[in-house]
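All remarks here apply to the structure that follows.
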Amino acid sequence: MPGEWFQFAIELKDTGVLIGDCGLKVNKEEPRQAEFGITLSLPYQGVGVASEAVACMLDYAFNILGLHRVIAITDCLNKSSVALMERLGMRREGHFIQNVWFKGAWGDEYLYAILRQEWLQKKTAPRNGQRV
């Protein structure tokens with residue numbers, strides 16, 4: 001439903017234990033664009049789960065929903081989230097200065113984005129050591 005968040009559960013393949021979620025919100029005014037966010041339980045951060053989950057969600061967004069553009073906004077101090085966005089091939093398009101009140105202080109945020117064509121190119125590009 002455009003304008004509302006949809007949560008995808010993230011569970012461990014082996015056990016089915018819920019360890020987080022990935023949210024997607026299709027833009028109500030422009031339904032070919034969306035924003036995503038991810039939350040993971042602390043023990044599962046930094047082990048590749050976020051990359052796998054967001055890659056699956058981006059595949060769904062671009063290949064099934066046919067979206068044109070997906071964005072994500074993250075706290076500038078969240079180095080893991082910044083690294084995730086860049087690892088996924090997302091482009092930093094904005095740096096908002098003291099735009100959010102968070103935990104008793106003003107915080108800065110980065111806006112990242114990726115287009116469908118960029119995601120599809122990244123998915124088909126040869127990786128280091130692969131032959132074309």
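Here are a few things to note about the model shown:
- Backbone geometry of segment 116-122 corresponds, through the Karplus equation with coefficients 6.51, -1.76 and 1.60 at θ = phi - 60°, to 3J(HN,Hα) couplings of 3, 4, 5, 5, 5, 5, 4 Hz, x marking Gly and Pro.
- In the calculated pair-distance distribution of the chain, the portion above 27 angstrom amounts to 22 percent of the Cα-Cα pairs.
- When only alpha carbons are used to place a centre, segment 71-114 and segment 1-57 end up 16 Å from one another.
- Gaussian network model of the chain, Cα within-10 Å springs - most flexible of T15, T39, T74: T15
Only the coordinates and a few stated rules stand behind these numbers; no lab work does. For clarity, every value in this text was computed on a predicted model and none was experimentally measured.
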